[in-house]
There are 2 protein chains.
Amino acid sequence: MSLVPLFAPRGVAVVGASRDPAKLGAALARSLRPFPGYVGLVNAREPRPADGVYATVRDAAAQGPLDLAMICLPAPACAPALAEAAAAGARAAIVYGGGFAEAGPDGATHQRELSAVATDTGVRLLGPNTSGFLAPGHGLTASFVPGAAAVPAGRIAVVAASGGVNHALAFLLAEAGHGVSLAVGLGNGADVAAADVLDHLAGTPDTATVALHVESVPDGRRLVESVARLAATRPVVALVVGRHEIGAFAASHTGALATSWRTARAALAQAGAVLVDDERELVDAVSALALTRLQPAAAPGVGVVTAQAGPGLLLLDDLRGRGARVPELTAATRDELATVLPPLTYQRNPVDTGRPGPGFARVLTTVAADPGVDLVAGYALAEPDAFDLVAAVAAAGDAPLVFGVGGAGPDVQRIRRELVARGVPAAVDPTGVAAMVGALITDARARRDPETPAPAGHIVEVGSGPFDEDRAKALLERLGVATMPRRACADRAAAHRALADLPGPVAVKLLDAAVLHKTDIGGVRLGVATPDQLDAALDALEAAGARRFLVEAMAPDGVDLVVGARRDPDFGPLVLCGLGGTIAEALADVALRLAPLSRAQAAAMPNELAGRALLDGWRGGPALDRDALATVLVALGDLLHAHPTLTDIEINPLRLTAQGLIALDAVVVADTALAQELETPDGHTDC
Amino acid sequence: MSLVPLFAPRGVAVVGASRDPAKLGAALARSLRPFPGYVGLVNAREPRPADGVYATVRDAAAQGPLDLAMICLPAPACAPALAEAAAAGARAAIVYGGGFAEAGPDGATHQRELSAVATDTGVRLLGPNTSGFLAPGHGLTASFVPGAAAVPAGRIAVVAASGGVNHALAFLLAEAGHGVSLAVGLGNGADVAAADVLDHLAGTPDTATVALHVESVPDGRRLVESVARLAATRPVVALVVGRHEIGAFAASHTGALATSWRTARAALAQAGAVLVDDERELVDAVSALALTRLQPAAAPGVGVVTAQAGPGLLLLDDLRGRGARVPELTAATRDELATVLPPLTYQRNPVDTGRPGPGFARVLTTVAADPGVDLVAGYALAEPDAFDLVAAVAAAGDAPLVFGVGGAGPDVQRIRRELVARGVPAAVDPTGVAAMVGALITDARARRDPETPAPAGHIVEVGSGPFDEDRAKALLERLGVATMPRRACADRAAAHRALADLPGPVAVKLLDAAVLHKTDIGGVRLGVATPDQLDAALDALEAAGARRFLVEAMAPDGVDLVVGARRDPDFGPLVLCGLGGTIAEALADVALRLAPLSRAQAAAMPNELAGRALLDGWRGGPALDRDALATVLVALGDLLHAHPTLTDIEINPLRLTAQGLIALDAVVVADTALAQELETPDGHTDC
């Protein structure tokens, strides 16, 4: 059901309005004073109808249109109050207080009761355990936090997991000279989730960009789809909490289980969101994206103009760290700049103007007009006496521009606000400029290729498990993945025949689907060249418990990758790509994508790895064909997507050799119980 | 000579005072209006003695005490003007304009002329190519940047390579509610360098902490010694530019060559500075360290108190990323908290107070009193109606405290300023709180162990080069580094005798001091077990050019490290420690220290490596004895420190095995020409 009654109600009622000014209900009633719609107060114990305080919601609803019930009652009283509000005609509600899923088993029961009422009545419920929302454009402060009404109306929406973070972000945006269209804290999210709010925003015209704060993601696919829909028309910037171990405190906060930080970030980025590292960068990013958006491009060119070389160096250093491209300006641009600037200033990009003067506007215009420049990033100390920075920047034409203004005091703040009023994102320092540029570039890159994954193109015959290495590799071959010639051997004689058949020395391995980590138990022998060596190897494998053997030609040297696909509890099938070896493993240097994924998405995965230099001809070694790797990754993702009985597939290593990619080992894990269930026609197991 | 005449002059003269208000000299004269000392203006072409504008510095000096000449002239005129000022009695000068070393050969000549005058006359020179300095406590704005006079006096000093960054930082500090004792931009640093200013600050009482901005370090050892002296009594926070490729623009800025970012950071940290990543973190760090400093400790315990769980989670996540220890509170503390807080809030650490009220002060006091807590980090949205945050924080006792206050508008800014006035560092957001805590912790850790390197304890007989692997390993053995049994073999027969003598299979290597990368040319054969295999190996090595061979017992498996020492052009002898293997190399995952270094410094090096998990018993493998590694690292550093003829020593790999650390390969490079020179008694070569 629509969230309009929640976020744009005609009238509201505070259920649990109190005379004690320290109580939530009293604070809320104060916040609602400027609201132009109907406000009813409900206090069952002390009704004063003459003052607009009624004994029941029904009584309050009789006095005006009541879309939204704001419930400030102890947890056990909330579900009955919600039912009563729904019966009185409210179509939305907020439960502010805590004592629900975050507070142990009794609280979880209360939360389930709330959810049940919401489901039964169709009333949309925000919370419980939230400080509410701000909709300054509607004159509505549905929050008990003092000062919240001071946040002005604007075009940035905040969708925060936490009410506290919602307010903290709204205040930071206000301090940066921006306003909000809507700022919501979801709290425990018993009914309304982030995806609901994003879908609501997609249908409203007054939001230019969204700041999304994520703690846990109970339904990852739904959130990703909502982000992707919204990002198609306006930028979404996401901050995901939980990079480090914060689980116990997080659970105490909303009662939700932790979502993998890494997976959530990868999934949101894949959906087109701009990911940031902290709330400052979040504010910088939406401050820029609320005002300007670049054309889609793989690597937009940044022209840097600075009035002081030192801050310009800080800015350039930061931009390089963000992977921004700062191209050398064309000869024509430099000729033009030479007519404006003193001869000894740096003019190749960055452009150092020296002490800025009236020519500053023409420098900006000239750099903006360079054919390689998609965005100008500027910095200057404010010198109101020397030149009019706002006029200079405003004259710079239509090229997207981000400008940092150094200085202190009201004059400087006024300059920044005037820049914002003219549509130019204004930062306080070089780091802010770089963060803004980084967000604009990431957004432009995400939109370059709509990246709609192709439908699964590699549906193959899988068969049922269990999969030993031979069967796993047969499956890989059907997916188009290269392997070395091999023989599955039921006994020693077969192993000896295999040694004779296969070229060069061989690897001899224990073959048993029940053993996932052969190497750990001495189940692999490499470089076996002679029958004597083979007998010694077979003796050792039998001692390690082997009954069957895999004999396989040795692969050429190369660089080992690890690729695979698995099911995430929140996001479903994922594809992974990392480098092999213990250091990569210790660093968890892995790129992730949701499956199914497009070839372009897959081909970009290795570029995220810290050790990616090893894949591009390190010290004369082989260079990775991104397209060949994409074929493998897309196939693994499609396989898991199409076959719900497969839970995990890993190729470790997938070796990059001069002859291409070769799978040296493979593990495929199937959910046998689920497979049996699915094979039974009525959908139930037969045991 | 003292910098007092520069930074606390009795009188100043502007040389090149102009009537054109847009000119530097005019801007400077305006900046000097509030200066309580003598101000003379010098304009050779338009003297107006009645208005205090004189034809010469000498004339100006006749009218009042003239300590500092502020020269605003074209580059070619500056050296003569400096000489004239010195002759007139000035003991310090600033050259503001550009056109010197940053501007090509002619400019470099002008800069040399300036330096020569400074050396000859003893006058101390700031610049050229700088916007000057601010000394608000002396009422002196020796800067032409408008608004600079608005930066209030305070206890933070800024020492910036760049005049622009100096002002940008001073303005950011002012916006954060702080003032400066001195804020200097060094410009080209023809005379006065960062080390001079730090030494000056060490002798003045009005600076509580220093923000140091570093672009290039022409004399690294001197800077490091100045930082170490200053950091002993007050914190130094350093921001080093140049993590990424910015060389061409940087050279255009000051004409200096780039210093290694990694080396400069390592050296400054070793000297006791707190290193930060950007100017925001710099402002956060000095904002905290100007007000409070922890007791020296390896891992101070942080008590986290938050009024809103969501921002508290952001804070905790960030603190964990900075390696802060957030210990569980004692049972006694939790019992005490339980009497103040509602039952369902999280109280183990972080402590979530729920909506704060009058009990907030007692929560802070209780957490601060916990025996495991050395520092309290708090966050709350400002709720002036609900409780008095400033009073609560002020009542929290003597425990160091950092507090973030969310909210917008003048009331909230007032709360933050009042906290600062009461000695409590106040941040705007959780990231700011975490950055402040990170700085306090890093500073406390740096002071735990004064880390005075022991005098070199491993001076050994080195001999002259060149060093083949056998001689290099013999040198390592004299340093106490373990190696495998080996034989240097002049011919094949000797190699066969060595195979028979040594236990188990052997490695056979080309032995030639001229070949630094044996493996690259096929000069290493491993696992040679039989005379036939040895002959095959020797054939291959001879084909690769070997005339002599090293036959060595094979080492046990383990984790490979790379350690070494080399000479840096700016900082002298350095010790390096990293993990072996191509990924570590591709990531440049290396820890650095200046030599000589203390055992404690050496033992801490592996803890900086991204892949350090591999060294602590990864998957049942060997665990590194930090002390044994420290022995090797200290010895390598002492060796290079004591023997100027050695330029480079590398052990690659130094293998961590169950039997301890073993050097498997070693390269020692000596500067033969220098060795000959040093051996010649008169210090000159004899050829």
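Quick test of your reading of the structure: B:Ala153 fulfils all but one of (1) crowded, with 23+ Cβ neighbours inside 10 Å; (2) touching a Gly at 6+ places or on another chain (Cβ under 8 Å). Name the failing condition by number.
(1)
Scan B:Ala118, B:Ala174 and give me the residue that is surrounded by fewer than 24 Cβ atoms within 10 Å (Cβ to Cβ), part of a helix (DSSP H, G or I) and within 10 Å of another protein chain (Cβ to nearest Cβ).
B:Ala174
Taking A:Ala26 as the residue in question, decide whether it is modelled with pLDDT under 95 and out of contact with any strand residue (DSSP E or B) (no Cβ under 7 Å at 6 or more places or on another chain).
yes
With respect to A:Ala160, is the statement that it is more than 14 Å from chain B (Cβ to nearest Cβ) and farther than 19 Å from A:Asp443 by Cα true?
no
For the stretch B:267-294, enumerate the residues that are in contact with an Asp or Glu (Cβ under 7 Å, 6 or more places away or on another chain) and either more than 14 Å from chain A (Cβ to nearest Cβ) or in a strand (DSSP E or B) (or both).
Passing the criteria: B:Val274, B:Leu289, B:Arg293, B:Leu294.
The rows are residues; the columns are (1) hydroxyl-bearing (Ser, Thr, Tyr); (2) closer than 17 Å to B:Gly37 by Cβ.
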{"position": "B:Ala93", "(1), (2)": "no, yes"}
{"position": "B:Glu102", "(1), (2)": "no, no"}
{"position": "B:Pro105", "(1), (2)": "no, no"}
{"position": "B:Ala108", "(1), (2)": "no, no"}
{"position": "B:Ser115", "(1), (2)": "yes, no"}
{"position": "B:Arg124", "(1), (2)": "no, no"}
{"position": "B:Pro128", "(1), (2)": "no, no"}
{"position": "B:Ala135", "(1), (2)": "no, yes"}
{"position": "B:Val158", "(1), (2)": "no, no"}
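With over 23 Å from B:Gly177 (Cβ atoms) and open to solvent by 10 Å² or more (accessible area, probe 1.4 Å) as the only criterion, which of A:Phe403, A:Phe387 stands out?
Step by step, each of A:Phe403, A:Phe387 is checked, and only A:Phe387 is over 23 Å from B:Gly177 (Cβ atoms) and open to solvent by 10 Å² or more (accessible area, probe 1.4 Å).
If a residue must be at the interface with chain B (Cβ under 9 Å from one of its Cβ atoms) and either in contact with a Cys (Cβ under 7 Å, 6 or more places away or on another chain) or not in a helix (DSSP H, G or I) (or both), how many such residues does the stretch A:598-626 contain?
Adding up the residues that qualify gives 3.
Which residues, taken from the stretch B:416-428, are touching a residue at least 24 places away in the same chain (Cβ under 8 Å) and open to solvent by 10 Å² or more (accessible area, probe 1.4 Å)?
B:Arg416, B:Arg417, B:Glu418, B:Val420, B:Arg422, B:Gly423, B:Val424, B:Ala426, B:Val428, listed by residue number.
May I ask you to verify whether A:Phe100 is touching a helix residue (DSSP H, G or I) at 6+ places or on another chain (Cβ under 6 Å), aromatic (Phe, Trp, Tyr) and more than 9 Å from every other protein chain (Cβ to nearest Cβ)?
So A:Phe100 fits the description; yes.
If a residue has to be at pLDDT below 95, crowded, with 23+ Cβ neighbours inside 10 Å and either away from chain A (no Cβ under 14 Å) or in contact with a Phe, Trp or Tyr (Cβ under 9 Å, 6 or more places away or on another chain) (or both) to count, how many in the stretch B:204-219 make the cut?
Number of matching residues: 1.
Which residue pairs have Cβ atoms closer than 6 Å, lie 6 or more positions apart in sequence or on different chains, and pair a first residue in the stretch B:86-107 that is of a type in the set (Ser, Thr, Tyr) with a second residue that is crowded, with 21+ Cβ neighbours inside 10 Å?
B:Tyr96/B:Leu24; B:Tyr96/B:Cys72
When you scan the stretch A:5-47, how many residues do you find that are open to solvent by 70 Å² or more (accessible area, probe 1.4 Å) and either in contact (Cβ under 8 Å) with a residue 12 or more places away in the chain or in the same structural domain as A:Ala193 (by TED's automatic domain parsing) (or both)?
Here the count works out to 7.
Tell me, which residue of the stretch B:121-130 that is open to solvent by less than 10 Å² (accessible area, probe 1.4 Å) and in a loop (DSSP other than H, G, I, E, B) is farthest from B:Ala83 (Cα to Cα)?
Only one residue fits best here, namely B:Thr130.
Which one of A:Ala490, A:Ala500, A:Ala529 is surrounded by fewer than 17 Cβ atoms within 10 Å (Cβ to Cβ) and modelled with pLDDT under 95?
A:Ala529
Somewhere in the stretch A:250-263, is a residue at pLDDT 95 or above, touching a Ser or Thr at 6+ places or on another chain (Cβ under 8 Å) and at the interface with chain B (Cβ under 10 Å from one of its Cβ atoms)?
Looking for residues that are at pLDDT 95 or above, touching a Ser or Thr at 6+ places or on another chain (Cβ under 8 Å) and at the interface with chain B (Cβ under 10 Å from one of its Cβ atoms), one finds none in the stretch A:250-263, hence no.
Of everything in the stretch B:103-114, what is within 13 Å of B:Ala81 (Cα to Cα) and surrounded by fewer than 21 Cβ atoms within 10 Å (Cβ to Cβ)? Give them in sequence order.
Across the stretch B:103-114, the qualifying residue is only B:Glu113.
Could we say that A:Ala79 is touching a His at 6+ places or on another chain (Cβ under 7 Å) and outside the structural domain of A:Leu230 (by TED's automatic domain parsing) here?
Yes, satisfied.
Looking only at residues that are within 16 Å of A:Ala507 (Cβ to Cβ) and open to solvent by 30 Å² or more (accessible area, probe 1.4 Å) in the stretch A:643-663, which one is farthest from the chain's Cα centre (by Cα)?
Applying the filter and picking the extreme gives A:Arg655.
In this structure, is B:Ala168 more than 9 Å from chain A (Cβ to nearest Cβ) and part of a helix (DSSP H, G or I)?
no
Write out, first by first residue and then by second, each pair whose Cβ atoms fall under 7 Å of each other, whose residues are 6+ apart or on separate chains, and whose first residue, in the stretch A:496-513, is on the phi > 0 side of the Ramachandran plot while the second is assigned to a loop (DSSP other than H, G, I, E, B) and open to solvent by 50 Å² or more (accessible area, probe 1.4 Å).
A:Gly504/A:Met554
Please go through the stretch B:139-165 and give me each residue that is more than 22 Å from the chain's Cα centre (by Cα) and either modelled with pLDDT of 95 or more or assigned to a helix (DSSP H, G or I) (or both), ordered by number.
Correct list: B:Gly139, B:Leu140, B:Thr141, B:Ala142, B:Ser143, B:Ala148, B:Ala149, B:Ala150, B:Val151, B:Pro152, B:Ala153, B:Gly154.
Condition check ((1) in the same structural domain as B:Ala394 (by TED's automatic domain parsing); (2) at pLDDT below 95; (3) touching a His at 6+ places or on another chain (Cβ under 6 Å); (4) not polar (S, T, N, Q)) across all residues:
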{"residue": "B:Leu313", "(1), (2), (3), (4)": "yes, no, no, yes"}
{"residue": "B:Leu319", "(1), (2), (3), (4)": "yes, no, no, yes"}
{"residue": "B:Thr330", "(1), (2), (3), (4)": "yes, no, no, no"}
{"residue": "B:Arg334", "(1), (2), (3), (4)": "yes, no, no, yes"}
{"residue": "B:Leu344", "(1), (2), (3), (4)": "yes, yes, no, yes"}
{"residue": "B:Gln347", "(1), (2), (3), (4)": "yes, yes, no, no"}
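The values are calculated or read from the model by the stated rules, or taken from the named source; none is laboratory data. Quick caveat: nothing in here was measured; it's all calculated off a predicted structure. Glycine gets a Cβ as well: all are built from the backbone with ideal geometry, and neighbour counts include every protein chain shown. The protein model used for the area step is the full one, side chains on, heavy atoms only, and it has no ligands, DNA or RNA in it. Shrake-Rupley method; radii C 1.70, N 1.55, O 1.52, S 1.80 Å.
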